[in-house]
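Peer 1: Dropping the structure in here first, questions after.
Only the coordinates and a few stated rules stand behind these numbers; no lab work does. These figures come from a predicted structure and were not determined experimentally. Backbone-built Cβ (ideal geometry, glycine too); neighbour counts: all protein chains shown.
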Amino acid sequence: MHKAMTMDNELIIVGAFLSAGLLAYVLIPGLLVMWDRVLDYMGSNVESEKK
């Protein structure tokens with residue numbers, strides 16, 4: 001019984017690492033793209049205000 005309990009804990013830990021890695025792989029590029037678009041939008045507003 002004790003052996004099965006440690007196996008469950010190992011699976012939970014491995015699953016947590018995998019899901020965190022996948023989340024970072026999807027989330028970080030998405031945030032970078034959004035931030036790039038925000039900066040582009042802000043830059044285009046500044047340009048249009050100068051004209």
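Peer 1: Simple spin-label model, 7 Å along Cα-to-Cβ: SER48 to ILE13 in nm?
Peer 2: Going from the SER48 label point to the ILE13 one covers 5.4 nm.
Peer 1: Taking 7 Å along the Cα-to-C-beta vector as the label spot, tell me the ALA24-ASP36 distance in nanometres, rounded to one decimal.
Peer 2: Placing both labels 7 Å beyond Cα along the Cβ direction yields 2.1 nm.
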